[in-house]
Every structure is written in structure tokens, then in C-alpha cells.
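Let me begin by presenting the structure, written as C-alpha cells, before commenting on it.
The values are calculated or read from the model by the stated rules, or taken from the named source; none is laboratory data. Just so it is clear, the model here is predicted, and its values are computed rather than measured. We place every Cβ from the backbone using ideal geometry, glycine too, and count neighbours over all the protein chains shown. Calculation scope for accessible area: heavy atoms of the full protein, side chains included, ligands and nucleic acids excluded. Shrake-Rupley method; radii C 1.70, N 1.55, O 1.52, S 1.80 Å.
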Amino acid sequence: MTAHDTVPGDGSAGAPRRGIAARVAGRLGGGAVQAVLVLVALFWLVPTLGLLVASLRSNADNNSSGWWTVFTKPSQLTFSSYSALLDKPDFVDSFWNTVLITVPATVLVVVIASLAAYAFAWLEFPGRDWLFLVVVALLVVPVQVALVPVAKLYGKIEFGGFQMFGSITGVVLFHVAFGLPFAIFLLRNFFAAIPRDLLEAARMDGGSEWTIFRRVIFPLGGPAIASLGIFQFLWVWNDLLVSLVFADTDAQPMTKWLQSQMRQFTGNIDILAPGAFLSLIVPLAVFFAFQRYFVQGVLAGSVK
């Protein structure tokens, strides 16, 4: 046997031996594991299914039996709860208030954070690193710390019959202020990974900073920006704490309206169930509509 000969099966030649992580990942891709994951996902969707079925049953049926009985008595299904809910002007107003709060808060955070992240990543100005450290430090500030000081500040802002406290504008500004530190941190790290040669080539072609941001940074950063938009939209849409403090009855979103209906839960499940389902269907639609960009944003930077 020569020096180049190997004993079959000893693993000394051929394909390199895979590491423990690679072997575990390979086994997790098996059919049995995928079947278990599908079962877990279906089990995870049971509460949502129960909420949907409960929203399609009458109040009497919900009080007398569980939602799963609908599979043996499909005649219980009805849209009367949705019709009654949509006939309530206060619920319709709360839905549009939620839209008026969520859309501006999301757009403002995405736009401002994109511009600021580009400046922190690629522009040179005095105190840039120290200012970015301040932004990072703001990430650890909890929302609860600012509720009382900001409420006192809002109470002093009043002009032309408009009062900041209790208005939609006040809720939007609070969400923007607390959404910007994370947004700037996320986008700055993504923008900094863009090759410098692309920006230098654009500058050599006579492109201004605004042109570089609009033609180079913004298209390449689309996945990260979309991921940020989804996070911000979901966070603001599902928020209850901020609206409880800063929104009055005329500016209350759906989460606050639903919370006000929980004082007599056993008597108005026909209102809470369809209201809660309508409240969650919009974020789900937004997530699935931009799921491709969300996955790209999450994986951005993991493969060079």
C-alpha cells in the first residue's frame, strides 16, 4: 500500500467531513422534522382560527358552547356580528384613527431614518461618531420613562384651539420619536455594508449626495427599508399603551376602543371577537404582502 492509498471508510479522503452544525442542519431538513414543524404551525394558528369562528357566531352560541362546535353545527356561522360592528360609528372612527396614526408614523420614521442613516454611514461631519453613540444609547430608554414628561409637555402645547395632548398628532410624534433610534441603528449598519466603490463611482460621475442616496443607496437598501417599515407598522398598529395615555375618545385607535369594550366581556364577545379579528387582519395582510422584502432584509448581510 502506497502513501497515497487510503483505507475505505476511514474518512481520510474524499469529501471533507462536515461539522456538527452542518450535520444538525442537514437532519433538520428531513421530512419528519418538516412534518413536525407544520403541525406546530397549525397548532400555533388555533387561537386565530378560534377567534375567527367566534366572530362568526352569535352571542348566544358563544355563551352556550365552545367555538369548535361549529364543525358539527355549521348553521351557527353568520355575519351579523360584523354587520352590527360596522354599523357602530365609534368603531369605524377608531379604525380610521388607527390608519391616520400608523401610516404617518411609519412613513416619517422610514424617511427620516433613511436620510439620517446615510449621513451616519457615508458623510463626514464633526461629532458624527459621538452623535451616533447617543442614538444607540437611546435604544435602551423604555417608553414608560417618557410617558409622564411628554404628557406634561403636550399639555402645555396649545395654539389656535388645538391642543397637542389627546390628539392624533401627539400620538404620531411620540411613535416617531421612539421609533427613530432603532430605525437609524438598523439602516445605518445596512448602508455601511454597501461597497464604497459604488458611491465613489457615482461621485466621479458628478452625482450629488441626494442623487447618490436616491439612485444608489435607496434601491440597494430596499429590503432593509421594507423590513423597517413592516416592523414600525406592526408596532404602531398594535400599540395600546401610548394611545391609552395620549389619545382621547375622538383620537382613539382600535386597540383602545377594544380595550374599552372589555369591561363586560361575557356580554359583548360578539363585538370583541369581530373587532379583534378586523384589527389583526390588516397587519397580517401587510406582512404577507411584503414578506419577500422582509426575508431579504432579515438575511441582508449574512451572505457576502
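What the table shows:
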read-out	value
Theoretical FRET efficiency, 1/(1+(r/R0)^6), r = Cβ-Cβ of L280 and V107, R0 22 Å, to 0.05	0.50
Approximate shape of segment 53-205 as ellipsoid semi-axes (Cα gyration tensor, √5λ), whole Å, largest first	46, 24, 15
Accessible area, probe 1.4 Å, largest first, for residues K88, K256	K88, K256
List E209, E158, ordered by accessible area with a 1.4 Å probe, largest first	E158, E209
F162-L147 pseudo-label distance in nm [points 7 Å out on the Cα-to-Cβ vector]	2.7
Rounded D (µm²/s) - segment 24-77, Kirkwood Rh over Cα pairs, Stokes-Einstein at 20 °C, 1.002 mPa s	163
Extension gain from L86 to L198, taking 0.36 nm per residue of separation minus the Cα-Cα distance	35.1 nm
Accessible heavy-atom area order of R196, R128, highest first, probe of 1.4 Å	R196, R128
Under the Debye formula (equal points on every Cα, no solvent term), log10 I(q)/I(0) of segment 87-301 at q = 0.08, 0.17, 0.18 Å⁻¹	-0.36, -1.19, -1.27
